[in-house]
Amino acid sequence: MLDKIGKEFDFQQRALNLRAYRQEVIASNVANADTPNYKAVDFDFKQALQSAQDGQGKLAMNVTDTRHLAGTGAGSAGKPAVQYRNAVQQSLDGNTVDMDVERAAFADNALQYQTTLTFLSKRISSLNTAITGGGQ
C-alpha cells in the first residue's frame, strides 16, 4: 500500500527536484555575471520533466569499465543537460548573462516551485482526511 502512495507523489518529487536544480543553474548565472567570457546556461524544464517521466521504470545501464560511454540526453546523475542561453546583448568581455533575464527566470522558477509545494501539501492533506475518515 505504501508503494501506491509513493507512486502518487513521484511526479511532484521529480518536478521539485528539477525546479531546485534549475534554481541552482540560474543562481550560478547570477553569481558569474561579472566573470569574463562566462556563457549563461539554462535547460528546458518541460522537456526535462518529460524525459524524467519517460525514464520512469527503466533500468539504468550497468557501467563496469571507465571507458564505457555515458547515456545521451541527460547530464550527470540524472540531471538535465544545460544549454547555452542566447545573449540578448553581448557585453564587451564576452559575458552573456543578462541580469534582467536571470531575475525574471529566478522569480518565475521560485513561484513554480512554491506552487508545486502547495499542490503537494493539499494532496497530502486530502489523503490524510481520507485515511482518518474526514474527522468523523
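The values are calculated or read from the model by the stated rules, or taken from the named source; none is laboratory data. For clarity, every value in this text was computed on a predicted model and none was experimentally measured. Using ideal geometry, Cβ is built from the backbone for each residue, glycine included, and neighbour counts are taken over all protein chains shown.
For the range 95-105, which positions are under 21 Å from Leu18 (Cα atoms) and surrounded by fewer than 18 Cβ atoms within 10 Å (Cβ to Cβ)?
Arg103, Ala104, listed by residue number.
Taking the condition touching a Pro at 6+ places or on another chain (Cβ under 9 Å) and modelled with pLDDT under 95, does Ala48 pass? Yes: the conditions hold for Ala48. Scanning the range 51-74 for residues that are at pLDDT 70 or above and surrounded by 10 or more Cβ atoms within 10 Å (Cβ to Cβ) yields Ser51, Ala52, Gln53, Asp54.
Select from the range 1-32 the residues that are within 30 Å of Asp98 (Cβ to Cβ), touching a residue at least 60 places away in the same chain (Cβ under 8 Å) and not basic (Lys, Arg) and list them in ascending order.
Just the residues of the range 1-32 that are within 30 Å of Asp98 (Cβ to Cβ), to begin with: 14-32.
Within this subset, residues satisfying the condition of being touching a residue at least 60 places away in the same chain (Cβ under 8 Å) are 15-16, 18-20, 22-23, 26-27, 29-30, 32.
Hits for the range 1-32 are Ala15, Leu16, Leu18, Ala20, Gln23, Ile26, Ala27, Asn29, Val30, Asn32.
How do the pairs read when you match residues in the range 107-136 that are surrounded by fewer than 11 Cβ atoms within 10 Å (Cβ to Cβ) with residues anywhere that are modelled with pLDDT under 95, using Cβ under 8 Å and keeping only pairs 6 or more apart or on different chains? Qualifying pairs under 8 Å: Gly135/Thr129. Taking the range 8-39 as the range and being hydrophobic (A, V, I, L, M, F, W, C) and closer than 17 Å to Asp108 by Cα as the test, the residues that pass are Ala15, Leu16, Leu18, Ala20, Val25, Ile26, Ala27, Val30. Across the range 87-97, the qualifying residues are those that are within 27 Å of Ser51 (Cβ to Cβ) and modelled with pLDDT of 85 or more, and the one among them that is farthest from the chain's Cα centre (by Cα) is Thr96. Close Cβ contacts (under 9 Å, 6 or more residues apart or on different chains) running from residues in the range 82-94 that are under 22 Å from Arg22 (Cα atoms) to residues that are part of a strand (DSSP E or B) and among the β-branched types (Val, Ile, Thr) comprise Val82/Val41; Gln83/Val41; Tyr84/Val41; Arg85/Val41. Can you say whether Arg22 is surrounded by 14 or more Cβ atoms within 10 Å (Cβ to Cβ), touching a strand residue (DSSP E or B) at 6+ places or on another chain (Cβ under 9 Å), of a type in the set (D, E, K, R) and not in a loop (DSSP other than H, G, I, E, B), as far as the supplied structure shows? So Arg22 fits the description; yes.
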